[in-house]
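What follows is one structure encoded as structure tokens, with my remarks underneath.
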Amino acid sequence: MRNARFTEVLTDLGLDVVGTVAGTGNVVFDSASRALRSLEQRIEDAWPERLGFRSITILRTRAQIMDLLEADPFAGLDDAASRFQVTFLRRPPARGQVLPEPVADSGWQIVSADDRHVCWTIDTTRSTTPDGMRALERAFGEAITTRTWRTVAGIAKKLD
């Protein structure tokens with residue numbers, strides 16, 4: 001899917017598209033609306049109507065992305081054989097929600113989590129990203145999306 005198609009749909013919804021993050025499916029835009037849940041639903045409803053597919057839409061404000069970057073949950077970790085991942089949650093976990101425990105020697109581990117995202121690493125010499133993603137999906141449901149830390153940094157760069 002070409003980024004131009006994504007931006008066209010969002011522009012038609014009245015959003016001021018700032019840019020896309022190459023090859024990631026992420027679009028950065030400005031909106032007068034501060035009702036994120038309503039805006040998520042409007043965008044999500046447009047995908048099948050305009051582009052012929054369904055997809056979970058999860059929005060984050062500029063402040064939320066910048067706060068995540070400033071927190072730097074992966075500081076001090078070696079990225080030589082690891083991939084740093086951020087799984088964004090559409091809704092906060094239920095009260096008392098237990099984070100999934102990686103199976104011993106599974107190659108992935110949770111670094112930090114809050115009500116908006118889970119930061120985790122995957123040792124690419126021992127496992128694959130889908131192993132961790134499946135565990136998080138079982139824990140939090142399908143209304144999640146995972147991006148690499150580099151992609152999150154790319155999104156922040158577009159916000160500048």
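The single condition among (1) at pLDDT 90 or above; (2) farther than 23 Å from ARG116 by Cβ; (3) touching a strand residue (DSSP E or B) at 6+ places or on another chain (Cβ under 7 Å) that ALA46 does not meet is (3). The C-beta contact set for segment 124-135 (first residue in the same structural domain as GLN109 (by TED's automatic domain parsing) and part of a loop (DSSP other than H, G, I, E, B), second residue at pLDDT 80 or above and among the charged types (D, E, K, R), distance under 9 angstrom, 6+ apart or interchain) comprises THR124/ARG83. With respect to (1) in contact with a strand residue (DSSP E or B) (Cβ under 9 Å, 6 or more places away or on another chain); (2) part of a loop (DSSP other than H, G, I, E, B); (3) within 20 Å of ALA156 (Cβ to Cβ), the lone exception for PRO93 is condition (3).
Filtered by the rule that a residue be outside any loop (DSSP other than H, G, I, E, B) and without any contact (Cβ under 8 Å) to a residue 24 or more places away in the chain, segment 40-53 gives GLN41, GLU44, ASP45, PRO48, GLU49.
Evaluate the following for ASP115: is it on the phi > 0 side of the Ramachandran plot and in a loop (DSSP other than H, G, I, E, B)? When the stated conditions are applied, ASP115 does not pass them.
The values are calculated or read from the model by the stated rules, or taken from the named source; none is laboratory data. Just so it is clear, the model here is predicted, and its values are computed rather than measured. Using ideal geometry, Cβ is built from the backbone for each residue, glycine included, and neighbour counts are taken over all protein chains shown.
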